[in-house]
Amino acid sequence: MQFTSEQRLDDAVLEREFTLGDIPGILWTPASAPAPAPLILLGPPPLGLRKTYPRLAARARHAAADGFATATIELPGSGDRPRLPAAERARADLRRALEAGEPVSDEIIDALVLPLVDKAVPEWRAALDALLALPEIGGPVGYSGGVISIGVRLAVVEPRISAAVLFAGSFVPRAMFEEARQVTIPLHVLLQWDDAGNDRQAALDLFDAFGSKEKTLHANMGGHTGVPQFAGDAAARFFTRHLK
């Protein structure tokens with residue numbers, strides 16, 4: 001891991017950009033909390049870190065106020081990273097289906113999501129290795145947001161993740177439902193009831209499939225980006241309960 005820039009956000013949060021090989025990322029640490037701080041991995045949406053930076057930085061500030069460090073990395077094929085031709089073709093097929101008002105087929109969803117999960121999860125695990133080697137970062141570790149299928153896979157294969165807040169706002173391949181049954185960590189799932197780009201029933205079925213003994217579904221009226229503040233506050237309390 002190589003740090004490439006550093007700045008203070010409101011004197012309360014230290015923000016450092018880094019690269020892990022050819023993968024860009026950002027680490028936020030609370031300026032006043034005693035080290036080492038517990039860590040929350042912020043899963044970004046596949047729009048690129050630059051486009052989603054304001055939302056990520058806002059989440060990092062809120063987490064820092066509770067004493068958490070947070071970190072994120074650029075997803076494969078996003079931002080300035082090389083495009084994935086198969087994913088680009090699947091994305092074009094998805095746009096055509098949505099514009100035509102047609103149902104999105106399992107083949108399109110699989111081609112769009114599964115290769116991303118296969119590539120992103122080992123990168124997240126490598127980033128976690130590097131982050132936990134820093135003296136200012138300690139466990140336990142949580143995962144928050146992003147592409148829900150990546151969160152599901154990480155919850156299954158990464159024993160260092162103790163709890164997760166998952167956002168039900170992306171297409172889910174059928175194969176991920178079987179993986180969801182293997183998830184055992186505490187979960188807090190956010191669902192926007194009127195999210196036009198999300199299959200509500202699939203999100204409910206995925207929640208039902210999770211094998212966790214403790215799992216909470218927090219559903220709210222509103223579209224994809226309309227998560228109310230109180231829902232975010234509830235997610236923050238969930239992490240405080242399980243990571244401190």
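The values are calculated or read from the model by the stated rules, or taken from the named source; none is laboratory data. Just so it is clear, the model here is predicted, and its values are computed rather than measured. Here the Cβ positions follow ideal geometry from the backbone for every residue, glycine too, while neighbour counts run over all protein chains shown. Heavy atoms of the whole protein, side chains included, go into the accessibility calculation; ligands, DNA and RNA do not. Shrake-Rupley method; radii C 1.70, N 1.55, O 1.52, S 1.80 Å.
Given the options Val156, Val189, Val152, name the one that is over 26 Å from Thr52 (Cα atoms) and aliphatic (A, V, I, L, M).
Val156
Just to be sure, is Leu206 modelled with pLDDT of 90 or more, assigned to a strand (DSSP E or B) and either open to solvent by 30 Å² or more (accessible area, probe 1.4 Å) or not small (Gly, Ala, Ser) (or both)?
no
Of all the residues that make up the stretch 99-140, how many are modelled with pLDDT under 95, assigned to a helix (DSSP H, G or I) and surrounded by fewer than 14 Cβ atoms within 10 Å (Cβ to Cβ)?
Result for the stretch 99-140: 3.
Which one is surrounded by the most Cβ atoms within 10 Å (Cβ to Cβ) among residues in the stretch 1-57 that are outside any strand (DSSP E or B) and in contact with a strand residue (DSSP E or B) (Cβ under 6 Å, 6 or more places away or on another chain)?
Out of the qualifying residues, it is Pro44.
Please tell me if Ile40 is closer than 26 Å to Lys119 by Cβ and more than 13 Å from the chain's Cα centre (by Cα).
Details: closer than 26 Å to Lys119 by Cβ: yes; more than 13 Å from the chain's Cα centre (by Cα): no.
Taking the combined requirement at face value, the residue does not satisfy it.
Restricting to the stretch 67-90, and then to whatever is assigned to a loop (DSSP other than H, G, I, E, B) and open to solvent by 60 Å² or more (accessible area, probe 1.4 Å), can you tell me which residue is nearest to Pro140 (Cα to Cα)?
Asp80
Would the stretch 224-237 turn up any residue that is modelled with pLDDT under 95, open to solvent by less than 20 Å² (accessible area, probe 1.4 Å) and not in a helix (DSSP H, G or I)?
No, because not a single residue in the stretch 224-237 is modelled with pLDDT under 95, open to solvent by less than 20 Å² (accessible area, probe 1.4 Å) and not in a helix (DSSP H, G or I).
Just to check your reading of the model, which residue among Ser144, Ser149 is over 26 Å from Leu14 (Cα atoms), of a type in the set (S, T, N, Q) and buried (at least 24 other Cβ atoms within 10 Å of the Cβ)?
Ser149
Do we find a residue being in a loop (DSSP other than H, G, I, E, B), open to solvent by 30 Å² or more (accessible area, probe 1.4 Å) and over 26 Å from Glu74 (Cβ atoms) anywhere in the stretch 160-173?
There is no residue in the stretch 160-173 that is in a loop (DSSP other than H, G, I, E, B), open to solvent by 30 Å² or more (accessible area, probe 1.4 Å) and over 26 Å from Glu74 (Cβ atoms).
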